[in-house]
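Asker: Below is one structure. I have some questions about it.
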Amino acid sequence: LFAQIKSIPGQRIVSTHSPYFAGQAKLSELRLFTKHAGVTRVERLQTQALTANDLRKLERTVIASRGDLLFSRAVILFEGDTEEQAFPLWAHAYLGASAHELGFSFVGVGGTDYFPFIWLANSFGIPWYVFSDGEDKPVAKLKADAKRAGIDDITAYDNIVVIPNKLDLEAYL
């Protein structure tokens with residue numbers, strides 16, 4: 001369907017909540033429509049300051065595989081397998097509904113590459129949160145990625161949580 005629509009000459013506007021459909025579009029073609037206090041806003045990505053590698057990561061790591069975050073009420077970022085299994089269960093137990101019902105996207109960043117996710121969420125005004133292991137290497141990478149996204153001091157942000165005492169989630173639990 002995407003290929004058929006792309007082949008139509010002229011301007012095309014497609015409204016979708018399909019991460020699979022949106023994942024086939026180029027970053028420059030995406031627009032996010034949101035409503036705040038009765039006013040509709042349209043956001044587009046400002047990709048001029050990104051490197052070719054940044055764009056590749058956004059397209060392959062985020063849009064193509066995690067396009068659901070474009071439609072999220074909030075994105076929760078974390079590092080590993082334990083968080084990926086535990087966070088949705090904890091959210092359901094605490095909130096009484098699944099993450100999908102609530103519109104939350106729980107995203108494992110595959111180690112510690114937060115930048116493309118933070119950048120995209122910031123660009124589209126999607127609330128985001130980071131839950132990071134406290135070991136030196138993940139914290140250093142988080143700080144570097146946050147700095148690239150315009151955050152100089154991660155400790156000044158309530159939406160960034162780092163496990164204290166240089167522990168990972170398993171040791172903390």
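The values are calculated or read from the model by the stated rules, or taken from the named source; none is laboratory data. Note that the coordinates shown come from a computational prediction; the quantities given were computed from them, not determined experimentally. We place every Cβ from the backbone using ideal geometry, glycine too, and count neighbours over all the protein chains shown. Surface accessibility is based on the protein's heavy atoms, side chains included, excluding ligands, DNA and RNA. Shrake-Rupley method; radii C 1.70, N 1.55, O 1.52, S 1.80 Å.
Asker: For Ile160, list long-range residues whose amide hydrogen, built 1.01 Å from N in the peptide plane, is under 5 Å from its own amide hydrogen.
Answerer: Correct list: Val130.
Asker: With unit charges on the beta carbons (Lys and Arg positive, Asp and Glu negative) and the dipole taken about the Cα centre of the range 34-82, which residue among Thr47, His36, Val62 sits farthest to the positive side?
Answerer: Toward the positive end, the furthest listed residue is His36.
Asker: Quick one: length gained pulling Phe21 to Asp136 fully straight, 0.36 nm per residue minus the C-alpha distance?
Answerer: 37.5 nm
Asker: Per 0.36 nm of contour for each residue apart, how much would the distance between Ala3 and Asp81 grow if the chain were fully extended, relative to their Cα-Cα spacing?
Answerer: 24.6 nm
Asker: Say each of Tyr94 and Arg148 gets a label point 7 Å from the Cα, pointing the same way as Cα to Cβ; how far apart are those two points in nm?
Answerer: The two pseudo-label positions are separated by 2.8 nm.
Asker: A follow-up question, please. What does the extension gain come out to for Ala64 and Thr34, with contour length at 0.36 nm per residue minus their alpha carbon separation?
Answerer: 8.6 nm
Asker: Heads up, I need the accessible area for Lys57: 1.4 angstrom probe, whole protein in place, Å², nearest 10.
Answerer: For Lys57, the solvent-accessible surface is approximately 50 Å².
Asker: Roll a 1.4 Å probe over the protein heavy atoms and report the accessible area of Asp152 in Å², nearest 10.
Answerer: 120 Å²
Asker: Shifting gears a bit: Accessible area of the range 54-173 with a 1.4 Å probe: how many percent of it is carbon plus sulfur?
Answerer: With neighbouring chains kept in place, the figure for the range 54-173 is 53 percent.
Asker: For Tyr172, tell me the accessible area in Å² from a 1.4 Å probe, rounded to the nearest 10.
Answerer: 130 Å²
Asker: Using the Cα centre as the reference, give the magnitude of the dipole from point charges on the C-beta atoms of the chain (Lys, Arg: +1; Asp, Glu: -1; all else neutral), rounded to the nearest 20 debye.
Answerer: 1020 debye
Asker: As I understand it, the dipole of the chain uses +1 on the Cβ of Lys and Arg and -1 on the Cβ of Asp and Glu, about the Cα centre. Which of Gly110, Leu27, Leu1 lies farthest toward its positive end?
Answerer: Leu1
Asker: Which whole-number value in Å² is the accessible area per residue of the range 1-125, probe 1.4 Å?
Answerer: Result: 60 Å² per residue.
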